[in-house]
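Trainee: My questions all concern the structure below.
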Amino acid sequence: MKHVFQKLALLAMAVSITLSAQATTPEEDLAAFRNFFKNRFPDVPMEEYTNGVYAIDPIGRENWEAIEEFPPYEPFIDEGQAMWENPFANGKSYQDCFPEGPAMESQFPYWDKQQGMVITLPLAINQCREANGEKPLKYKKGPINNILSYIAFESRGQTTNVEIPTEDPKALAAYESGKKFYYTRRGQLNFSCATCHLQNAGMRIRSDILSPALGHTTHWPVYRSKWGTVGTLHRRFSGCNKQVRAKPFKAQGEEYRNLEYFLTYMNNGLPLNGPGARK
Amino acid sequence: MRIKSFLRFTIAALLLGASLAPIMAADASDPNIAKAQQMIEKAEAARKQAASVDGEWRETAAMIEQAKSELTKGEVAASMKLAAEAHKQGVLGYQQAVSQRELKMPSYLHY
């Protein structure tokens with residue numbers, strides 16, 4: 001009898017391990033992701049997560065609210081507006097690539113079946129530039145942040161809505177690749193993105209509080225006090241990888257675009273509120 | 001013309017000799033030069049292997065370059081130390097990436 005119970009127990013363990021290794025759907029991933037933060041920070045309303053660490057750091061929030069009275073990203077918005085309004089050398093402008101106008105950030109990132117890849121907003125901006133005979137902008141620093149700031153500002157209030165088209169299995173593969181990246185440990189410190197921004201969200205790393213992953217993509221580009229300027233999401237991805245002592249990947253390369261696809265999907269339903277200001 | 005060619009050759013030879021002087025000077029007294037060079041090559045191979053599985057760490061390539069620089073300056077021991085550390089990082093980076101090949105969702109996420 002004891003033997004039978006032991007065998008049944010082993011079988012149950014094997015089944016549970018197998019179940020945990022089975023593929024989950026994006027909807028299931030989103031639900032588990034949300035529930036984690038609901039349990040972790042039960043008093044934080046969902047929409048507050050768009051404010052990043054300031055949703056859970058009351059002292060930092062006071063400083064941040066003071067900064068937001070004279071936002072340091074404002075000059076970048078103005079520069080970005082000028083970029084949007086000034087035509088390219090060939091007479092065309094960004095408006096010709098994006099006829100719906102600058103308030104279109106919620107359309108990104110998206111899966112492009114024809115190109116067979118995730119298209120992010122910075123990538124689309126450079127595709128527009130190159131199609132009109134202009135040099136592409138660098139993806140981490142410089143004027144890309146101006147036009148992204150303008151677009152983000154004009155898009156405030158729009159709702160994050162990343163879709164994973166079911167008719168193209170490559171789209172789901174890109175999402176899964178981004179998800180794999182997010183949960184993979186890397187670098188000499190052996191951390192995954194989830195180590196800091198899920199498992200240890202709200203804990204301190206030296207003098208800083210680790211921000212929750214929920215809401216991470218709503219407020220880019222960001223003026224970081226550390227940078228003394230506005231920078232892109234992929235610049236932050238690169239910085240985070242370097243901080244765990246991993247060699248970073250290329251900004252707007254496949255790895256980071258798929259990561260952005262996954263992470264933005266996890267923020268579906270949250271309002272966009274970029275550009276942002278952070279420590 | 002022949003004098004110009006001769007002068008160019010002489011200057012080139014003098015410059016080449018000057019750049020090799022530390023190694024050649026070290027060569028005379030330190031039998032570990034060849035070992036250091038082998039260690040650098042081994043470290044580079046380990047770095048490439050880690051990179052092949054997206055497991056390269058931040059410092060590895062810079063350490064290898066620094067090991068080469070130290071060797072050029074005749075600092076053989078420093079070069080070997082850096083090469084050894086870089087090799088270790090390459091090996092560990094590869095093992096880490098391979099161990100992470102299969103996606104394992106963390107237990108704190110409840111489905």
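Trainee: I need the full set of residues from segment A:24-43 which are touching a residue at least 24 places away in the same chain (Cβ under 8 Å) and not aromatic (Phe, Trp, Tyr), in order please. Can you show your working first?
Mentor: Residues of segment A:24-43 that are touching a residue at least 24 places away in the same chain (Cβ under 8 Å), as a first pass: A:26, A:29-30, A:33-34, A:36-37, A:40-41.
Once the filter is applied, which keeps residues that are touching a residue at least 24 places away in the same chain (Cβ under 8 Å) and not aromatic (Phe, Trp, Tyr), segment A:24-43 yields A:PRO26, A:ASP29, A:LEU30, A:ARG34, A:ARG40.
Trainee: Please go through segment A:148-185 and give me each residue that is within 14 Å of another protein chain (Cβ to nearest Cβ) and either part of a loop (DSSP other than H, G, I, E, B) or not hydrophobic (A, V, I, L, M, F, W, C) (or both), ordered by number.
Mentor: Result: A:TYR175, A:GLU176, A:SER177, A:GLY178, A:LYS179, A:LYS180, A:TYR182, A:TYR183, A:THR184, A:ARG185.
Trainee: In segment A:186-200, which residues are surrounded by fewer than 20 Cβ atoms within 10 Å (Cβ to Cβ), within 7 Å of another protein chain (Cβ to nearest Cβ) and within 21 Å of B:LEU92 (Cβ to Cβ)?
Mentor: Within segment A:186-200, A:GLN188, A:ASN190 meet the criteria.
Trainee: Suppose we filter segment A:221-271 for residues that are part of a strand (DSSP E or B) and either closer than 23 Å to A:TRP111 by Cβ or within 14 Å of chain B (Cβ to nearest Cβ) (or both); how many remain?
Mentor: First, pick out the residues of segment A:221-271 that are part of a strand (DSSP E or B): A:222-224, A:229-231, A:246, A:271.
Subsequent filtering for residues that are either closer than 23 Å to A:TRP111 by Cβ or within 14 Å of chain B (Cβ to nearest Cβ) (or both) retains A:246, A:271.
Looking only at that region, the number is 2.
Trainee: What number of residues in segment A:167-210 are within 13 Å of the chain's Cα centre (by Cα) and among the hydroxyl-bearing types (Ser, Thr, Tyr)?
Mentor: Number of matching residues: 2.
Trainee: Here is a list: A:GLU68, A:GLU134. Which entry is assigned to a helix (DSSP H, G or I), among the acidic types (Asp, Glu) and modelled with pLDDT of 95 or more?
Mentor: Values: A:GLU134 fails: assigned to a helix (DSSP H, G or I).
Matching residue, one of A:GLU68, A:GLU134: A:GLU68.
Trainee: Look at A:GLU74 and say whether it is of a type in the set (Asp, Glu) and within 30 Å of A:LEU137 (Cα to Cα).
Mentor: On the way: of a type in the set (Asp, Glu): yes; within 30 Å of A:LEU137 (Cα to Cα): yes.
Yes; evaluated as a whole, the condition is true for this residue.
Trainee: Have a look at A:LEU189, A:LEU198 and point out the one that is assigned to a loop (DSSP other than H, G, I, E, B) and over 15 Å from A:VAL118 (Cβ atoms). Can you show your working first?
Mentor: Values: A:LEU198 fails: assigned to a loop (DSSP other than H, G, I, E, B).
Checking each option against the conditions leaves just A:LEU189.
Trainee: OK, next. Of all residues in segment B:56-70, which are more than 8 Å from every other protein chain (Cβ to nearest Cβ) and either in a loop (DSSP other than H, G, I, E, B) or among the small types (Gly, Ala, Ser) (or both)? Working first, answer last.
Mentor: Taking segment B:56-70 and keeping what is more than 8 Å from every other protein chain (Cβ to nearest Cβ), we get B:62-70.
B:ALA62, B:ALA67, B:SER69 - these are the residues of segment B:56-70 that are more than 8 Å from every other protein chain (Cβ to nearest Cβ) and either in a loop (DSSP other than H, G, I, E, B) or among the small types (Gly, Ala, Ser) (or both).
Trainee: So, in segment A:1-46, of the ones that are modelled with pLDDT under 95 and charged (D, E, K, R), which residue ends up farthest from the chain's Cα centre (by Cα)?
Mentor: Of everything passing the filter in segment A:1-46, A:LYS2 is farthest from the chain's Cα centre (by Cα).
Trainee: Filter segment A:23-80 for residues that are out of contact with any helix residue (DSSP H, G or I) (no Cβ under 7 Å at 6 or more places or on another chain) and among the hydroxyl-bearing types (Ser, Thr, Tyr); which is farthest from the other protein chains (Cβ to nearest Cβ)?
Mentor: Result: A:THR50.
Trainee: Taking segment B:71-91, which residues are in a helix (DSSP H, G or I) and more than 9 Å from B:ALA46 (Cα to Cα)?
Mentor: Initial filter on segment B:71-91 (in a helix (DSSP H, G or I)): B:71-72, B:76-91.
Within segment B:71-91, B:LEU71, B:THR72, B:VAL76, B:ALA77, B:ALA78, B:SER79, B:MET80, B:LYS81, B:LEU82, B:ALA83, B:ALA84, B:GLU85 qualify.
The values are calculated or read from the model by the stated rules, or taken from the named source; none is laboratory data. Here the structure is a predicted model, which is why all the values come from computation and not from measurement. Please note: Cβ atoms are built from the backbone with ideal geometry, for glycine as well, and neighbour counts cover all protein chains shown.
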